[in-house]
Amino acid sequence: MNRITALALSLTMILTLVACGVQKEQTPKEAINWMEFAKEALAERVAQDKLDYSSDEYWYQTGNEFDENKIDVFYFLSTTLLKAVDENGDPVMNSTLSKEDREIMQWEYNYMATEMFDPEHFNFIAPYYRQMTFETYSTTDKKAGGAAILRAVADACTAFDYYMEHLNNGRPFIIAGFSQGGIMTQMTLLHMTD
């Protein structure tokens, strides 16, 4: 693969990292170390529950075919879920990507795909990923919070790797995200090898 130029769009990425990573008792330096923890742990993570991004089930569908003459926008969703529950109704720290979760996510995807990134000029590509809920940001359980972060970041990086290998076809692209999507954008950029 030739040298990749990626433009990371995130209007509030720095503020998001500080706001999401710093609890009241943490200093900004500790929050940065928290992100380093996530990066290091991701490299060691065993992907036993890895999503299969070869399935259309894990991609937002615009209904448009990819146009080889357009720029791709690879978009990470913001935090759209205040809370999520598992099959037993118990709160969890990541989206389960249930039908209900996806319906909540749909509004932002629809808006971004049609209003922010005009389909006349862009191919809009967006993975469903097991985003962190607000439970993750407020937990004092660092192990559970760290696992939730890793799950979201692993999904983001896995989706991007699949996109580059199977969907991009050498087109120029933009990686964009807002809020939590800004964190996924940053972690994906750190994950990129070229």
- [ ] Go through region 132-149 residue by residue and tally those that are in a helix (DSSP H, G or I), surrounded by fewer than 20 Cβ atoms within 10 Å (Cβ to Cβ) and not basic (Lys, Arg).
- [x] 7
Open item on the list: Exactly one condition in (1) in contact with a Lys or Arg (Cβ under 9 Å, 6 or more places away or on another chain); (2) loosely packed, with under 15 Cβ neighbours inside 10 Å is false for Tyr129; which is it?
Closed with: (2)
Open item on the list: Going by what's in this entry, would Ala38 be described as modelled with pLDDT under 80, within 21 Å of Phe160 (Cα to Cα) and surrounded by 16 or more Cβ atoms within 10 Å (Cβ to Cβ)?
Closed with: yes
Task: Pick from region 82-112, criterion touching a Phe, Trp or Tyr at 6+ places or on another chain (Cβ under 8 Å) and among the hydrophobic types (A, V, I, L, M, F, W, C), ranking: nearest to Lys143 (Cα to Cα) - done: Leu82
TODO: Consider Met184 carefully, then state whether it is closer than 16 Å to Tyr58 by Cβ, in contact with a Gly (Cβ under 8 Å, 6 or more places away or on another chain) and either of a type in the set (Lys, Arg) or in a helix (DSSP H, G or I) (or both).
DONE: yes
Task: Which numbered condition His166 fails, given (1) free of Cβ contacts under 8 Å to residues at least 60 places away in the same chain; (2) out of contact with any Phe, Trp or Tyr (no Cβ under 6 Å at 6 or more places or on another chain); (3) open to solvent by 10 Å² or more (accessible area, probe 1.4 Å) - done: (1)
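The values are calculated or read from the model by the stated rules, or taken from the named source; none is laboratory data. This is a predicted model, so every value here is computed, not measured. So basically every Cβ, Gly included, is an ideal-geometry build from the backbone, and we count neighbours across all protein chains shown. All accessible areas refer to the heavy atoms of the entire protein, side chains included, with ligands and DNA or RNA removed. Shrake-Rupley method; radii C 1.70, N 1.55, O 1.52, S 1.80 Å.
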